[in-house]
1. Output the number of residues of the stretch A:53-108 satisfying the condition of being of a type in the set (S, T, N, Q) and either under 17 Å from B:GLU35 (Cβ atoms) or touching a helix residue (DSSP H, G or I) at 6+ places or on another chain (Cβ under 6 Å) (or both).
2. Could you check the stretch B:68-99 and list, in sequence order, the residues that are in contact with a Lys or Arg (Cβ under 7 Å, 6 or more places away or on another chain) and free of Cβ contacts under 8 Å to residues at least 24 places away in the same chain?
3. Taking the condition of being open to solvent by less than 50 Å² (accessible area, probe 1.4 Å) and either at pLDDT 90 or above or among the acidic types (Asp, Glu) (or both), how many residues in the stretch A:68-85 meet it?
4. Which residues, counting only those in the stretch A:48-65, are open to solvent by 40 Å² or more (accessible area, probe 1.4 Å), in contact with a strand residue (DSSP E or B) (Cβ under 8 Å, 6 or more places away or on another chain) and within 11 Å of another protein chain (Cβ to nearest Cβ)?
5. Give me the strands (runs of 3 or more DSSP E) completely within the stretch A:121-160, filtered to those with at least 3 residues that are within 12 Å of another protein chain (Cβ to nearest Cβ), ordered by residue number.
6. Of all residues being among the aliphatic types (A, V, I, L, M) and in contact with a Gly (Cβ under 6 Å, 6 or more places away or on another chain) in the stretch A:94-143, which is modelled with the lowest pLDDT? Just the residue, please.
7. Condition (residue is crowded, with 18+ Cβ neighbours inside 10 Å, in a helix (DSSP H, G or I) and more than 12 Å from every other protein chain (Cβ to nearest Cβ)) applied to the stretch A:99-115: is it met by at least one residue?
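The values are calculated or read from the model by the stated rules, or taken from the named source; none is laboratory data. Computed from a prediction, not measured in an experiment: that's the story for all the values here. Backbone-built Cβ (ideal geometry, glycine too); neighbour counts: all protein chains shown. SASA here: full protein model, heavy atoms, side chains in, ligands and nucleic acids out. Shrake-Rupley method; radii C 1.70, N 1.55, O 1.52, S 1.80 Å.
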Amino acid sequence: MRRALGWMACTLLAVLTLGFATDWDNWVELVAGHGPIKAELFYDMSTRPVTGVLVSTSDYKLYAYRWHTDQPFRIMVVRPRQNTVEGCKAGPAFTEWLGMVTTLVNGRKLETPLKGDPTGWTTLELITNNEFEGEETRLFLPHESTEAIVAEFYGLPGQYPVEWSTSAFSVIKDGCRTMGEHP
Amino acid sequence: MREVLVSTSNQRLLAFRTDPGEVFEIVIARRDRNELERCKAGAGFARFLEAASSIFVVKKVEAVVETDTKDWVTVETWDTSTNPGRELRLRAPNAGEPRTIMQWWLYDQYVVELDDGFWSNVTSGCAELGISVEMGKAP
């Protein structure tokens, strides 16, 4: 009995020590400004009432909106340099893409941040009934589908790879032709 | 400022420009029609933006009002930096409260004063906000 109690005490002490060490490592990295040290869920809006989505770059803007959460989305697509505007009902491709971006899992902070023109990045905003509960993220969308999307988050220093499909983002640039409803 | 998004219960307005020296382009979706309205911004839009940028706080609201009613308007603006958009939520004056109420984050509300150009132009469409009108295509 005494031996069993001794083993239990040792095990408990080991667990506590290991837990403390893990938290300590995380804490040290965070304090040092290195951000999260492992893949983690940055946000999950899959169960929240998204009523609008804005994807904006200097040459392409997709704004999806709905008047109520039980209604389908409509889409407006603007290409400023081509002076064109499209409008359509959102289709299955949009629904699939929206399902992807309502959950964001990011990886380890990049040791070497991407350089380049900040206007070349894409702004993604998910809007809820109460705007203050939405999420806004800046994204670098690579040309090659094999490369990862990189994100910057407001209030969190650094750049992080994101577990989203790069090719899914390239599809939305087709506008209503791909993202719209086609009977 | 490079981009503006205005949301009301019956209208969505997206205004944008690719250079700070350019005139804003405006695209408007309305709840009661499928076609998009489109125009270049004019004096009405400039007055609307100015009104949304110059708000004076009068007092804090003691008993906060509901925030999911149809008389709230959200204006989000993005400047040319990499900062996130700035959100402004205002409730239109009504018989019970003849002044505008501003939501401040999740909990606080304030009675505010702002130029009449805000409420007179917010849902007026290209007729008041723009300098020319053409219709976008939508199925």
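1. Of all residues in the stretch A:53-108, those of a type in the set (S, T, N, Q) come to A:56-58, A:69, A:71, A:82-84, A:95, A:102-103, A:106.
Remaining after also requiring either under 17 Å from B:GLU35 (Cβ atoms) or touching a helix residue (DSSP H, G or I) at 6+ places or on another chain (Cβ under 6 Å) (or both): A:58, A:84.
Adding up the residues that qualify gives 2.
2. B:THR82
3. 8
4. Within the stretch A:48-65, A:PRO49, A:ASP59 meet the criteria.
5. Values: elements: A:122-128, A:135-140, A:149-153.
Because the criterion is at least 3 residues that are within 12 Å of another protein chain (Cβ to nearest Cβ), the strands (runs of 3 or more DSSP E) in the stretch A:121-160 that meet it are A:122-128, A:135-140.
6. So in the stretch A:94-143, the residues among the aliphatic types (A, V, I, L, M) come out as A:98, A:100-101, A:104-105, A:110, A:114, A:124, A:126-127, A:139, A:141.
When the remaining residues are screened for being in contact with a Gly (Cβ under 6 Å, 6 or more places away or on another chain), the result is A:126-127.
On the way: A:LEU126: 93, A:ILE127: 90.
Among residues in the stretch A:94-143 that are among the aliphatic types (A, V, I, L, M) and in contact with a Gly (Cβ under 6 Å, 6 or more places away or on another chain), the one modelled with the lowest pLDDT is A:ILE127.
7. Kept after step one, since they are crowded, with 18+ Cβ neighbours inside 10 Å, are these residues of the stretch A:99-115: A:101, A:104, A:106, A:109.
Still in the list and also in a helix (DSSP H, G or I): A:101.
Within this subset, residues satisfying the condition of being more than 12 Å from every other protein chain (Cβ to nearest Cβ) are A:101.
Within the stretch A:99-115, one or more residues are crowded, with 18+ Cβ neighbours inside 10 Å, in a helix (DSSP H, G or I) and more than 12 Å from every other protein chain (Cβ to nearest Cβ).
Yes/no matrix, rows are residues, columns are (1) of a type in the set (Gly, Ala, Ser); (2) closer than 24 Å to A:VAL53 by Cβ; (3) within 19 Å of the chain's Cα centre (by Cα):
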| position | (1), (2), (3) |
| --- | --- |
| B:ASP32 | no, yes, yes |
| B:LEU36 | no, yes, yes |
| B:ALA41 | yes, yes, yes |
| B:ALA46 | yes, no, yes |
| B:ALA63 | yes, no, no |
| B:ALA92 | yes, no, yes |
| B:TRP104 | no, no, yes |
